[in-house]
């Protein structure tokens, strides 16, 4: 009698009598995907340097979006279990054996994912920019201009991130919406987390900061004109740059 085999998420053959995957937690899909991939790396096992399937194929096997798979990979990369080589693929890291995989249940990431945080930023920072155009004062415009000058002089230096935060803090404050102010501050604080640092180190280049500076200059110009729609568009353009940089699907 002829039998067939199926492929696991890591590319290996699985017994036809064993389900490929367990039911996923619908609340945090990306964590469920990460746990199952970590389990397969441990149980097969896969040695360091083994290549995992592409995001597209993983998404098909798990029956989730490629964005969900990308978030799962961010978790595994942050934990040091995989290495993402831009333009090449995703591999079990050289550190995986030293760190020890243990139980996949040890994969526990509290708080919202980077993508959840970013989606909130798109909505809230764009709305804040629009409101800021209605309410910003001459003094606040002067402070924003000073921030821009500081960013031009230090676009990718040690103080650059502080200048970027201050710019967005000032825009939020000019919205006169206390909820926007608090949430935007919290979202920027989350950007200092380990997952953001991991992916930022891999994907961000000085050229990206130059492009983002141009968007912020356009935002300043719209605020100076008291152009509500223009400010919202400029902030959206900045958010789109960030989305492509961190979350665009490339395989």
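Computed from the coordinates by the stated procedures, all read-outs in this text should not be read as laboratory data. Small disclaimer: the values here were computed from a predicted structure and weren't measured. Note that we place each Cβ from the backbone using ideal geometry, even for glycine, and neighbour counts take in every protein chain shown.
Calculate, for residue 224 and residue 153, the FRET efficiency according to 1/(1 + (r/R0)^6) with r their C-beta to C-beta distance and R0 35 Å; round to the nearest 0.05.
For R0 = 35 Å, the calculated efficiency reads 0.95.
Report the full-extension gain for the segment residue 161 to residue 185: residue separation times 0.36 nm, less the Cα-Cα distance, to one decimal in nm. Kindly include the intermediate steps, with their values, before the conclusion.
On the way: separation 24, 0.36 × 24 = 8.64 nm, distance 1.35 nm.
Separation in residues times 0.36 nm, less the Cα-Cα distance, equals 7.3 nm.
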- prompt: How far is it, in nm, from the label point at residue 192 to the one at residue 244 when both lie 7 Å from their Cα along the line to the Cβ?
  reply: 3.0
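Can you give the FRET efficiency for residue 122 and residue 51, using 1/(1 + (r/R0)^6), R0 = 45 Å, r = Cβ-Cβ distance, to the nearest 0.05? Walk me through the intermediate numbers first.
Details: r = 33 Å, r/R0 = 0.74.
The computed FRET efficiency comes out at 0.85.
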- request: Would you mind computing, in nm to one decimal, how far apart the modelled labels at residue 134 and residue 94 are, each placed 7 Å from Cα along Cα→Cβ?
  value: 5.6
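Work out, step by step, the length gained on full extension between residue 211 and residue 178: first 0.36 nm times the residue separation, then minus their alpha carbon distance; give nm to one decimal. Display every interim value, and only then the final one.
On the way: separation 33, 0.36 × 33 = 11.88 nm, distance 2.94 nm.
Result for the pair: 8.9 nm of gain on full extension.
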